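Engineer: Sharing a structure with you now.
The values are calculated or read from the model by the stated rules, or taken from the named source; none is laboratory data. Given the structure is predicted, the values throughout are model-derived calculations rather than measurements. Methodologically, a virtual Cβ is constructed for each residue, glycine included, from the backbone with ideal geometry; neighbour enumeration extends over all protein chains shown.
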Amino acid sequence: AQSVTQLGSHVSVSEGALVLLRCNYSSSVPPYLFWYVQYPNQGLQLLLKYTTGATLVKGINGFEAEFKKSETSFHLTKPSAHMSDAAEYFCAVSRSPGANSKLTFGKGITLSVRP
Amino acid sequence: DTEVTQTPKHLVMGMTNKKSLKCEQHMGHRAMYWYKQKAKKPPELMFVYSYEKLSINESVPSRFSPECPNSSLLNLHLHALQPEDSALYLCASSQPTSRSRETQYFGPGTRLLVL
């Protein structure tokens with residue numbers, strides 16, 4: 001079985017501050033890990049993904065995430081928050097390739113950015 | 001190009017109506033998905049089509065009927081819905097392969113209101 005834990009439901013940062021959104025996963029096999037962002041009234045957009053190889057993954061809009069197997073974590077960071085980063089962020093895990101391997105989503109976290 | 005399109009953007013229907021949601025992708029993906037998303041919740045998987053065949057049905061009520069006419073199109077036929085079916089319906093696609101990590105790309109969604 002696999003699961004994703006995103007602690008808290010809301011994170012608020014000031015514009016220009018560090019963004020840190022936490023994600024911990026549970027998986028019985030090597031996981032595939034994803035971060036998606038959902039802006040208001042839109043679908044989900046892929047921010048970044050971890051496959052194999054380099055554990056520090058860079059994504060779009062200045063976001064990056066580091067896969068730490070020992071901590072079963074895949075936290076999302078951005079050095080300097082922008083107002084346009086305000087959105088809902090979902091961490092997800094997929095067990096293996098194939099359409100029958102489902103994405104398991106965390107419950108999501110809302111990021112607010114204060115001027 | 002990683003675009004998945006969905007029509008209509010918004011839909012209001014009565015409980016006795018029949019309507020359809022449409023999803024289209026031209027990325028050559030052979031897996032397509034329907035998700036249901038309630039406000040402030042992660043997407044919930046409903047159906048998966050792999051190579052135009054239904055491979056996963058997450059015990060969805062029969063008032064939702066999926067159809068995959070070809071590899072680029074996915075429909076969701078709606079009949080006799082209930083008010084609690086009001087939600088954002090998301091379509092996604094991916095390329096199933098045993099050799100690389102599969103990534104799902106999402107459309108913008110159809111916001112459905114059942115009166």
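Engineer: Strands (runs of 3 or more DSSP E) wholly in the range B:1-82 with at least 2 residues that are in contact with a Lys or Arg (Cβ under 6 Å, 6 or more places away or on another chain) and more than 9 Å from chain A (Cβ to nearest Cβ) - which ones?
Structural biologist: Correct list: B:10-13, B:73-79.
Engineer: Mind checking whether some residue in the range B:87-107 is among the aliphatic types (A, V, I, L, M) and not in a strand (DSSP E or B)?
Structural biologist: There is no residue in the range B:87-107 that is among the aliphatic types (A, V, I, L, M) and not in a strand (DSSP E or B).
Engineer: For the range A:3-55, name all the residues that are modelled with pLDDT under 95, buried (at least 19 other Cβ atoms within 10 Å of the Cβ) and assigned to a loop (DSSP other than H, G, I, E, B).
Structural biologist: A:31, A:43 - these are the residues of the range A:3-55 that are modelled with pLDDT under 95, buried (at least 19 other Cβ atoms within 10 Å of the Cβ) and assigned to a loop (DSSP other than H, G, I, E, B).
Engineer: Take the residues in the range B:59-86 that are of a type in the set (A, V, I, L, M) and on the phi < 0 side of the Ramachandran plot, then tell me which one is surrounded by the most Cβ atoms within 10 Å (Cβ to Cβ).
Structural biologist: B:74
Engineer: Only one of these conditions is not met by residue B:114: (1) in contact with a helix residue (DSSP H, G or I) (Cβ under 6 Å, 6 or more places away or on another chain); (2) within 14 Å of chain A (Cβ to nearest Cβ); (3) among the hydrophobic types (A, V, I, L, M, F, W, C). Which number is it?
Structural biologist: Of (1) in contact with a helix residue (DSSP H, G or I) (Cβ under 6 Å, 6 or more places away or on another chain); (2) within 14 Å of chain A (Cβ to nearest Cβ); (3) among the hydrophobic types (A, V, I, L, M, F, W, C), only one is false for residue B:114: (2).
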